[in-house]
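Presented below is the structure to which this report refers.
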Amino acid sequence: MQRRLLLQSAAGAAATLGAPRVFAQTWPHGPVRIIVGFPPGGGTDILARTLAAKLQPMWGQQVLVENRAGVAGGLAAEYTAQQPSDGSTLLMAHINSHALAPALGLKTRYDVQRDFVPVVLVGVTPNLLIGGLMQPAKTLQDVVARCKAEPGKISFGSAGNGSAQHLALEMFKLRAKIDALHIPYKGSAPVLTDLIGGQIHYTFETMTAATPHVKSGKVVPIAQTRAKRAKGYPDVPTMHELGYPGFEATTWYGLVGPGKLPGVIARKINADVNAALAMPDVQERLDASGAEDGGGSPEKFADFIRAETAKWTKVVKDAGVKAES
């Protein structure tokens, strides 16, 4: 009798220990949504749809991209944080919602560390410092000299106060010891329109948004904002190369889940996304968007988010940046 009870107990324990693995193997049990905090057609949306197309056949379930634009990705982050932690809802997290909002001290209805489980970094995209064709200064050295000769008069547009593009400018001002005029817009499209039209002088813009205008010859690429050159821009020097060592001002994207997402599901999603990122056609699409260095472990992504938040918190403090909540 006692032996039978011991055997039953051992079997039950084994079943319990094996349950997480079985659960991961059978997940997902229904459609999976990837929430994007920006309108269709932008860089975040493009990368989410690229991954969704690969994950759907892997998982044997629909993988749907759902756009919930607003507050620079904040509305999508808030929404995802409130969803069930069963892996049915993921967020394509963005630098704005997961590093800049905390750095700026914005009052959000979510806490990045508490309410999300980092799953995998999808890609890191440089910004490009670009100028209009009519601008006389077309090298970084000349731009700095012009800003020093006319302090506070050379204009730099951005996609909004507190945006990644704005903070790239603030980092530039700190490192180059210059004063420049920041002009915030509501998104990248109007910035680029005014840059091409000559209403503003320069902008730090995401490589994804800037590339069509660079390729068409409507704007001039001056520098890129990662320590290494992006594959799509082998002839454009980096800020690091041009005398600003360690200058890193990027836009990045990665998948996260709600705060109680089981680790076993997070690891399965991580492994499958890593497999998708390694596919040649996905790599080609990422390279076209300037998105590099994706993949790796959940721990790598968590460390990356913490490092980015710390970096931009210092820039915000040193530059005295104030952003609207």
Taking the range 49-70 as the region of interest, how many residues are out of contact with any helix residue (DSSP H, G or I) (no Cβ under 8 Å at 6 or more places or on another chain) and of a type outside the set (Gly, Ala, Ser)? 5
Has the range 168-182 got any residue that is assigned to a strand (DSSP E or B) and either at pLDDT below 95 or in contact with a strand residue (DSSP E or B) (Cβ under 8 Å, 6 or more places away or on another chain) (or both)? yes
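To keep it simple, each residue is scored yes or no on (1) in contact with a Ser or Thr (Cβ under 7 Å, 6 or more places away or on another chain); (2) closer than 30 Å to GLY162 by Cα.
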position	(1), (2)
ARG267	no, no
SER289	yes, yes
GLU299	no, yes
ILE305	no, yes
VAL315	no, yes
Inside the range 229-282, the number of residues satisfying the requirement of being within 24 Å of LYS173 (Cα to Cα) and of a type in the set (Gly, Ala, Ser) is 4
List the number of the failed condition for VAL63; all other conditions in (1) under 12 Å from VAL36 (Cβ atoms); (2) modelled with pLDDT of 95 or more hold. (1)
Counting only residues that are closer than 16 Å to GLY131 by Cα and among the charged types (D, E, K, R), the range 206-234 contains a total of 2
Among the residues in the range 173-192, are any touching an Asp or Glu at 6+ places or on another chain (Cβ under 8 Å), within 19 Å of VAL315 (Cβ to Cβ) and buried (at least 21 other Cβ atoms within 10 Å of the Cβ)? no
Which of (1) touching a His at 6+ places or on another chain (Cβ under 8 Å); (2) not in a loop (DSSP other than H, G, I, E, B) does GLY160 not meet, given it meets every other one? (2)
Residues (touching a Gly at 6+ places or on another chain (Cβ under 8 Å) and at positive phi) located in the range 154-173: GLY160
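The values are calculated or read from the model by the stated rules, or taken from the named source; none is laboratory data. No experiment lies behind these values; they were computed from the predicted model shown. Cβ atoms come from the backbone with ideal geometry, glycine included; neighbour counts cover every protein chain shown.
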